[in-house]
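The values are calculated or read from the model by the stated rules, or taken from the named source; none is laboratory data. From a predicted model like this one, the values you see are computed outputs, not experimental measurements. Cβ atoms come from the backbone with ideal geometry, glycine included; neighbour counts cover every protein chain shown.
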Amino acid sequence: MKKVSRRDFLHLMGIGIGSVTAAHLISGCEPDIPPPTVPPEPSLTPLQPLPTSTPTPQPTPTNTIQPTSVENPYLVVTHGEDPEQHIRQGIKALGGMERFMKSGADVIIKPNICVPYHTYEYAATTNPWIVGTLVKVCLEAGAKRVRVMDFPFGGTAKDSYRKSGIEEQVKAAGGEMEIMLPLKYKEYDIPNAVSLNQTSVYEDILTTDLLIDVPIAKNHGLAILTLGLKNLMGTIQDRGAIHNDFDNRLVDLATLVRPHLTIIDAMRTLMANGPTGGNLSDVKIQNTVIFSQDTVAADSFATSLFGLLPQHLGYLVNAANRGLGRLDYQNVKIEEFNING
Amino acid sequence: MDKPPHSRHWSGRIAWVTARKITQGLALLGFTVLIITTGMDRAAYTLANFPIRLSPLAMLASLICSRTFLSGMTVSLLLIFSSLVVGRAWCGWLCPLGTILEIFQFRKTKKDTRIPERMRAAKYGFLIVILLSAIFSNLTLLIFDPLTIFTRTMTLTILPVFDQLFTAIEKLFVSIPFLSNAVYRFDLLIRPVILPVKPAVFQYAILTGFFFVAIILLNLLAERFWCRYLCPLGAFLGLFSRLSLFKRRVKDDCAKCHLCEVHCPTGTIDPQKDYSSDPAECTLCMNCLRDCPKKALSFSPTFSRAPRREYDPGRRTLLNSLLVSVTLSALLSIEWIRKYPRNHFLRPPGAARDAFSSACIRCGLCMKVCPTGGLQVDLSQSGIEAAGTPILVPRLGYCQFSCNACGQICPVGAIPLLDLKEKQNAVIGKAYIEHDRCIAWSDHQTCIVCEEMCPLPQKAITLDSGKFVAPDGSSITISLPVVNREMCIGCGICENKCPVAGEAAIRVYTT
């Protein structure tokens, strides 16, 4: 074999590095990089505030969601002690998981796993069995894979996943815990933003076939309550930017990241010293789970569990005003029942 | 095909050198993998600090200084016993720093006449100074223990640099459309195992790197300069090696051909003394065994004490070292910082503030395991004496409420092993709000980040409400954060997350 001289070697290296750099430059220099396409709007129904007293929920079918009958309830609220039955019967009442996904879909579940400080009993993180059952239900409906992820604000994801008990349940159910690594965050423009024009979002959150927002309902100093909309802050990189002009910026984010389904865990709710918690005396057992395609409506209903009105939360009012969902949950078709079994 | 006639009887002796090189490679790999995986997962901390506990120098100095015996220290007896049997084989076969110095061997000329043999005494002096200083409650010079050098440099410099390169290459390839998915999958698979989620940043990382490079550059003066003349651990093992069982012996059929002398990495083979060597210097590298055409060498068991050398430590070395130690202690005691202690200078949770410098062996493992990157190396916040010890820098990382990793990893208990409940009550400092710079107090805008972040179950930061008059004359009500210093443990997450640029508007001070 011909011996490669140093000069030849350098030439080859030069060509190699040059072509990689060129590819890099070309791909990086497209004129006016359009913001990566936002996935098809999930069916956040009545975009106009509905003054009518007759609820007419019209879930718009999109390419990921099968056509639904008009009879499906807008909100489902379940009461009972068994988290697994909550999810199974709640999803069924909402029309079944098949309504939200096709077979072979890629599903992301976004619970609240904010810190690795306490176990689920302290109600700072979402109930692990609720998340686990949800994974099972998605897989049973034919999901190709189900990933569960959150970006904790204290400690590492690894520790938080473990401490919350969610990792154990998700793995047992056949799902994956994914660590949200910085490489996959992309800067997105937010069209029609009031205050937050750009933010870096974990790409898969926006491109997945089905995004399920599974917050735990709890107290929060700034937001008053952290529910479905507030839980979306775990999908972006720079949370600090949201804390300023919070009530507008959170809604700006909600126009970009739109979960297809919101399930609020109010089995155990943290009534004070949130969002981190640590006192069992601050935890109120409510044994309730709320389901809706409309995050705003689900959040609005959840305020009642804390003796509040949706109007008390500035960001909910703003979200409703900007057509993201309904504040008047009393006027929609609610199916509320006690789970059996 | 005919084999060269001599290949048969040579092969066994070449095998020794090959075996050594393989052992060195595996050992270096092992030490590297161990330090990379340390703290990546909360398991097997006992194994993770094993390399540090191997060092009899660090363990003995710590024992003298803290007067506390820990059962983990007994691991270092392994090295002492091994030197009684096979001399400084540790240096030639296992020591990670030794292997690195062998890799970066610039100089092929073996016998360096410019450096006098007496220079070898330096390492003994160094060793005695370290041990005497330990009696005077000073452990500063343990930054020169080869095992701490290796761990510290890997943690503070080499791994963070590797992380940056790794990330840069990934970013380059992720921009190529058809590769991006593969890169994402690779990143997800590899990074959580070997690197922190966010690249680690350490203050004085460059200085630590220079220190390491300087040691390597000493190789320009002579092969394995550090091991021959400076290494205090080598000196420690050398003292025992004089009694070692397996020593190099030259038989009568030596042809005085110089070959062994030429390839001796420590230059201890002396033609003037019938090509004999000093067992306190010999690393049993087996090069001479390989090179001897006459098979005139053996490493057979001998019960004897090595003859005294001109550079061996004696009464004079001891006296000089005593003088140096005393001077050093005196010098350190005139540091101005002792009269003016910094109050924004925090120790790891549970660590004694004043005595910490006399307990810490400066291995840097705590900085490796700290999940937030808050534990940083100190250079002079509390005086040069404390160089190399860990401090908590909240702006870079906070003490995570449910983590006690530093106490678990510390090989000498300088950071005490606290259970989580105890750690959560260990006061590191107390937070103070600088009202003039606080967004809520000064700008009258809504910001409650410090309250939100406070991990205490009852929140040591609470919200008060204040009424202010806005520029347009209207009255506004703002939530104002207030620190309850009775409760505050000074974990520093408030300081870390404070959105004010530069120095935070809430800072943790020692009390």
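Some values worked out for this structure:
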read-out: Residue count for region A:191-225, restricted to those that are out of contact with any Leu (no Cβ under 9 Å at 6 or more places or on another chain) and among the β-branched types (Val, Ile, Thr); value: 3
read-out: Per-region count, region A:149-166, residues at the interface with chain B (Cβ under 8 Å from one of its Cβ atoms), more than 19 Å from residue A:204 (Cβ to Cβ) and not charged (D, E, K, R); value: 4
read-out: Which numbered condition residue B:354 misses (of (1) surrounded by 24 or more Cβ atoms within 10 Å (Cβ to Cβ); (2) away from chain A (no Cβ under 14 Å)); value: (1)
read-out: Residue that is farthest from residue A:273 (Cα to Cα), among those in region B:456-475 that are among the charged types (D, E, K, R) and surrounded by fewer than 17 Cβ atoms within 10 Å (Cβ to Cβ); value: B:472
read-out: Selection within region A:272-331 - crowded, with 19+ Cβ neighbours inside 10 Å, assigned to a helix (DSSP H, G or I) and small (Gly, Ala, Ser); value: A:297, A:298, A:300, A:302, A:319, A:320
read-out: Count of residues meeting criterion [surrounded by fewer than 20 Cβ atoms within 10 Å (Cβ to Cβ), at pLDDT 95 or above and within 13 Å of chain A (Cβ to nearest Cβ)] in region B:426-455; value: 0
read-out: Selected residue [crowded, with 18+ Cβ neighbours inside 10 Å and assigned to a loop (DSSP other than H, G, I, E, B)] from A:137, A:115; value: A:115
read-out: One residue from B:283, B:327, B:317, B:266 being among the polar types (S, T, N, Q) and loosely packed, with under 14 Cβ neighbours inside 10 Å; value: B:327
read-out: Some residue of region B:48-56 being surrounded by fewer than 19 Cβ atoms within 10 Å (Cβ to Cβ) and either of a type in the set (A, V, I, L, M) or under 21 Å from residue B:358 (Cβ atoms) (or both); value: no
read-out: Every residue from region A:92-107 that is surrounded by fewer than 24 Cβ atoms within 10 Å (Cβ to Cβ), among the aliphatic types (A, V, I, L, M) and not in a loop (DSSP other than H, G, I, E, B); value: A:93
read-out: Residue in region B:404-415 that is crowded, with 20+ Cβ neighbours inside 10 Å, more than 28 Å from residue B:58 (Cα to Cα), within 14 Å of chain A (Cβ to nearest Cβ) and not hydroxyl-bearing (Ser, Thr, Tyr) present; value: no
read-out: Extreme residue, nearest to the other protein chains (Cβ to nearest Cβ), among residues of region B:361-385 that are over 21 Å from residue B:413 (Cβ atoms) and of a type in the set (A, V, I, L, M); value: B:379
read-out: Looking only at region B:24-40, and only at residues there that are surrounded by 19 or more Cβ atoms within 10 Å (Cβ to Cβ) and either outside the structural domain of residue B:286 (by TED's automatic domain parsing) or of a type in the set (Val, Ile, Thr) (or both), the one that is nearest to the chain's Cα centre (by Cα); value: B:35
read-out: Odd one out for residue B:173 among (1) in contact (Cβ under 8 Å) with a residue 40 or more places away in the chain; (2) touching a helix residue (DSSP H, G or I) at 6+ places or on another chain (Cβ under 6 Å); value: (1)
read-out: Residue within region A:177-185 that is in a loop (DSSP other than H, G, I, E, B), within 14 Å of chain B (Cβ to nearest Cβ) and free of Cβ contacts under 8 Å to residues at least 12 places away in the same chain present; value: yes
read-out: Qualifying residue in region A:118-126 (condition: out of contact with any Gly (no Cβ under 6 Å at 6 or more places or on another chain) and aromatic (Phe, Trp, Tyr)); value: no
read-out: Extreme residue, nearest to residue B:209 (Cα to Cα), among residues of region B:155-187 that are at the interface with chain A (Cβ under 7 Å from one of its Cβ atoms) and among the acidic types (Asp, Glu); value: B:170
read-out: Considering residues of region B:483-507 that are away from chain A (no Cβ under 14 Å) and charged (D, E, K, R) only, the residue farthest from residue B:428 (Cα to Cα); value: B:503
read-out: Top-ranked residue of region A:186-214 - restricted to ones that are of a type in the set (Ser, Thr, Tyr) and farther than 24 Å from residue A:100 by Cβ, ranked as farthest from the other protein chains (Cβ to nearest Cβ); value: A:199
read-out: In region B:456-481, the residues that are within 13 Å of chain A (Cβ to nearest Cβ) and not small (Gly, Ala, Ser); value: B:456, B:457, B:458, B:459, B:461, B:462, B:463, B:464, B:478, B:480, B:481
read-out: Unmet requirement for residue B:472, which otherwise passes all of (1) in contact with a Ser or Thr (Cβ under 8 Å, 6 or more places away or on another chain); (2) more than 30 Å from residue B:404 (Cβ to Cβ); (3) of a type in the set (Asp, Glu); value: (1)
read-out: Unique residue being touching a helix residue (DSSP H, G or I) at 6+ places or on another chain (Cβ under 9 Å) and within 14 Å of chain A (Cβ to nearest Cβ) when the list is B:128, B:190, B:149; value: B:190
read-out: Flag if residue B:229 is without any contact (Cβ under 8 Å) to a residue 60 or more places away in the chain and crowded, with 17+ Cβ neighbours inside 10 Å; value: no
read-out: Region A:239-251, subset more than 10 Å from chain B (Cβ to nearest Cβ) and out of contact with any Ser or Thr (no Cβ under 6 Å at 6 or more places or on another chain), residue farthest from residue A:194 (Cα to Cα); value: A:242
read-out: Single residue of B:473, B:490, B:466 found to be in a loop (DSSP other than H, G, I, E, B) and in contact (Cβ under 8 Å) with a residue 12 or more places away in the chain; value: B:490
read-out: Test: residue in region B:94-107 that is hydrophobic (A, V, I, L, M, F, W, C), closer than 28 Å to residue B:303 by Cα and under 17 Å from the mean Cα position of the chain (by Cα); value: yes
read-out: Any chance residue A:224 is within 14 Å of chain B (Cβ to nearest Cβ), crowded, with 17+ Cβ neighbours inside 10 Å and at positive phi; value: yes
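Yes/no matrix, rows are residues, columns are (1) touching a residue at least 40 places away in the same chain (Cβ under 8 Å); (2) farther than 13 Å from residue A:216 by Cβ; (3) within 22 Å of the chain's Cα centre (by Cα); (4) within 14 Å of chain B (Cβ to nearest Cβ):
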| position | (1), (2), (3), (4) |
| --- | --- |
| A:270 | yes, no, yes, yes |
| A:276 | yes, no, yes, yes |
| A:279 | yes, yes, no, yes |
| A:283 | yes, no, no, yes |
| A:294 | yes, yes, yes, no |
| A:297 | yes, yes, yes, no |
| A:303 | yes, yes, yes, no |
| A:309 | no, yes, no, no |
